[in-house]
Amino acid sequence: MELTVGPNQFFWSAERWESFYSDLTQSTVDRVVIGELVCSKRLPFYQDRIPEAVSRLLDAGKEVTLTTLALVTLKRELKLTAELADMGVMVEINDLTALAYIPNGCAFSVGPLVNVYNESTVNWLASRGARRICLPPELPVESVKVLAQAAKDKGVAIEVWGHGRLPLAISGRCYHARLNGRSKDNCQFACEDDPDGLDVVTSDGVPIMAMNGVQTLSDSYACTDHQIDLLRDAGVSALRLSPQADGFLELCDLYRRRVDGVLAQGELGQAMRDKHPDIRLSDGFLTGRCGAEWSGTSDQPSKAP
Amino acid sequence: MVMEIVCPAGTPAALRAAVKAGAHTIYCGFNDETNARNFPGLNFDRTEMRSGISFAHEHGAKVLVAINTFPRAGSESIWHHAVADAETCGADAVILADLGLLDHTARNHPGLRRHLSVQAAAANADVINFYAETFGVRRVVLPRVLSVHEISAINAETDVETEVFVFGGLCVMAEGRCSLSSYATGLSPNMNGVCSPASHVEYEEDDGALDARLGGYLIHRVERNAPAPYPTLCKGCFSAGGKTGHLFEDPVSLNAERLIPQLQKAGVTALKIEGRQRSKSYVAQVVRNFRAAVDALDAGRPLPQGMLARLSEGQAMTTGAYKKTWR
């Protein structure tokens, strides 16, 4: 099984961004999706560093893919999306707008924010040029099985959300700005202070979500420790690891050891628990229960305040 | 041209009430998981759909059938049958969101008019034109994340008709791209046609306050006897960064009646009312008011003002993203 690093969902300083991708050249991952997914206002802060990061990753033997934005509305966002199609690097579409610019038959990847729920959609995307599809995190393993089979018949690789805060929603409104009494147009980049998103808790102190500008994420970190063998049997060829600010290289290494069979089921979750005792893990989407649920037996941090 | 009023009907009785109240067009769905309002006791069986469409046609109204959830892997035939049955029943169009289902419908039912559901979240002219060129989509229901100015810009660059929500529930997130509900309850709009489902709601009294929970999560706590809004996830009261409140959206509903003239100027073809789960009397009243408004606009008369406030069930109203400052 391969490992893909998804696009960074958060707003990091250009320095942090650059050193993150520089570190990844030393990692055991197979593929890196790079670029701005969440908010086009963040892009100017690090855009000029993308070409060099791409070259270094390619030199290190990684496959590299450029992501589109998750929600394309403004004129300049349309222009950005159209330009991506001409960069000479594989594009991962996370808003179908990109298909307006990718010539019919040209190869592309499909990200987890495109709704791929059934065989007809896989078949249509394959006929349009899709070579790799990362399925929406919401799908249960039963659906993943059916879709992986359909994709195999068409020569399309199937990837599943492997680790990290789950992207639950995207909006026209910026919640970080709203929290600070500002509007999106005058956000003053409030999201910059939260390199892994800002925890949102209920009135009785239970963590439920995390805000990240216009994006809403899960409070918990998805973890496929207990699903990896099922997913491999289903024909899933890669797991997607979503960047987080601390300990990401180590995390990649843990997943590498788990998919290679060095770590047994349960040992990956336990290692996470040891390194990050404060975070909650989940795999409920894959098991077909509530997304927030977790199959592991290791103790979750208390829900109470 | 008078702007088209597109009105919801959750039951055959609501369909007839809406037609009699002056709706130009009714939208409804079959009573299964193929539509995004898959609530118990709601929607139409095949016989009801056929007679409902006949009734509407006899009164000069159209019927659109919403088949706008995302077909489940391995069970697509349920959705394919829904499209075929909508055509057989005489539907004027189907409202679709899924790429695979759009492709299926364009190839197998080329004569059936195709509208793009808001669940597809098509938010710019380029992607709308892509849907038109690829699947022959004739109308798009725009997501509720756009300002009037942006809607105007879209209409300037597409021949696809646009339909916008003007009244009822307000999604804060891009529609069809939200899994908050399944994260907390296991059931989602995309897969199950429900959001924050009533089956997962619990109310409990605690120390003189009423707690409303969804999937076990506390969404609202109000004083006893105070109005308790339905615990929809994105309109809950939460804390973050040391602040507490309705961090995503207040428990408000959409009312864009005052913006009708601007929406017309922006090139919008049809005004959509949300609420297939609503009663027939509610639907009839909303339709009458909006019909009066578009007729007044067409005749050059001033719009009747504030006509719908009493229908909001004590909730505050907002014009949502149509005003840019909402963001």
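The values are calculated or read from the model by the stated rules, or taken from the named source; none is laboratory data. Given the structure is predicted, the values throughout are model-derived calculations rather than measurements. Glycine gets a Cβ as well: all are built from the backbone with ideal geometry, and neighbour counts include every protein chain shown. Surface areas here come from the heavy atoms of the whole protein model, side chains and all, with no ligands, DNA or RNA. Shrake-Rupley method; radii C 1.70, N 1.55, O 1.52, S 1.80 Å.
Points to keep in mind about this one:
- Failed item in (1) open to solvent by 10 Å² or more (accessible area, probe 1.4 Å); (2) under 16 Å from the mean Cα position of the chain (by Cα), with B:A256 passing the rest: (1)
- Scoring B:A18 on the criteria (1) over 20 Å from B:D85 (Cα atoms); (2) modelled with pLDDT of 95 or more; (3) open to solvent by 10 Å² or more (accessible area, probe 1.4 Å) leaves a single failure, condition (3).
- Yes/no for A:R258 being charged (D, E, K, R), in contact with a Ser or Thr (Cβ under 6 Å, 6 or more places away or on another chain) and either under 30 Å from A:G155 (Cβ atoms) or within 14 Å of chain B (Cβ to nearest Cβ) (or both): no
Rundown of residues vs (1) acidic (D, E); (2) at the interface with chain A (Cβ under 8 Å from one of its Cβ atoms), yes/no style:
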position	(1), (2)
B:V127	no, yes
B:V141	no, no
B:N155	no, no
B:D159	yes, no
B:C171	no, no
B:C195	no, no
B:S199	no, no
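- For B:G176, the conditions (1) within 9 Å of chain A (Cβ to nearest Cβ); (2) of a type outside the set (S, T, Y); (3) in contact with a strand residue (DSSP E or B) (Cβ under 9 Å, 6 or more places away or on another chain) are fulfilled apart from (3).
- Meets criteria (within 10 Å of chain B (Cβ to nearest Cβ) and either more than 26 Å from A:G247 (Cβ to Cβ) or buried (at least 24 other Cβ atoms within 10 Å of the Cβ) (or both)) for A:N186: yes
- Taking each residue of the stretch A:253-271 that is at positive phi and looking for partners that are at pLDDT 95 or above with beta-carbon atoms closer than 9 Å, six or more apart or interchain, yields A:G266/A:D225; A:G266/A:H226.
- Hits in the stretch A:214-238 - residues which are farther than 17 Å from A:G296 by Cβ and either within 11 Å of chain B (Cβ to nearest Cβ) or of a type in the set (A, V, I, L, M, F, W, C) (or both): A:V214, A:Q215, A:T216, A:L217, A:A234, A:V236, A:A238
- Any hit, the stretch B:230-245, residues being among the aromatic types (F, W, Y), over 16 Å from the mean Cα position of the chain (by Cα) and surrounded by fewer than 18 Cβ atoms within 10 Å (Cβ to Cβ): yes
- Annotation: A:E192 fulfils all but one of (1) open to solvent by 10 Å² or more (accessible area, probe 1.4 Å); (2) farther than 19 Å from A:R42 by Cα; the unmet one is (2).
- Residue satisfying condition, being among the hydroxyl-bearing types (S, T, Y) and either out of contact with any helix residue (DSSP H, G or I) (no Cβ under 9 Å at 6 or more places or on another chain) or surrounded by 24 or more Cβ atoms within 10 Å (Cβ to Cβ) (or both), within set B:T69, B:T11: B:T69
- Among residues of the stretch A:141-160, those that are open to solvent by less than 20 Å² (accessible area, probe 1.4 Å), touching a Gly at 6+ places or on another chain (Cβ under 8 Å) and in contact (Cβ under 8 Å) with a residue 60 or more places away in the chain, counted: 4
- Scanning the stretch A:15-40 for residues that are open to solvent by less than 10 Å² (accessible area, probe 1.4 Å) and in a helix (DSSP H, G or I) yields a total of 3.
- Residue check for B:G176: in contact (Cβ under 8 Å) with a residue 60 or more places away in the chain, at positive phi and not basic (K, R): yes
- Every condition in (1) touching a residue at least 24 places away in the same chain (Cβ under 8 Å); (2) open to solvent by 20 Å² or more (accessible area, probe 1.4 Å); (3) closer than 30 Å to B:P189 by Cα holds for A:G247 except the one numbered (3).
- Where strands (runs of 3 or more DSSP E) fall entirely within the stretch B:24-132, those with at least 1 residues that are touching a residue at least 40 places away in the same chain (Cβ under 8 Å), more than 26 Å from A:L71 (Cα to Cα) and of a type outside the set (S, T, Y) are at B:25-28, B:62-67, B:93-96.
- Apart from one condition, A:L286 fits all of (1) open to solvent by less than 10 Å² (accessible area, probe 1.4 Å); (2) out of contact with any Gly (no Cβ under 8 Å at 6 or more places or on another chain); (3) in contact (Cβ under 8 Å) with a residue 60 or more places away in the chain; the exception is (1).
- A:S171 vs. criteria over 15 Å from the mean Cα position of the chain (by Cα), buried (at least 24 other Cβ atoms within 10 Å of the Cβ) and facing chain B (nearest Cβ under 9 Å): yes
- Residue check, B:D207 over 21 Å from A:L139 (Cβ atoms) and more than 9 Å from every other protein chain (Cβ to nearest Cβ): yes
- Counting the residues of the stretch B:164-222 that are open to solvent by 30 Å² or more (accessible area, probe 1.4 Å) and closer than 15 Å to A:R289 by Cβ gives 7.
- Of all the numbered requirements in (1) open to solvent by 50 Å² or more (accessible area, probe 1.4 Å); (2) away from chain B (no Cβ under 14 Å), A:H276 misses one, and that requirement is (1).
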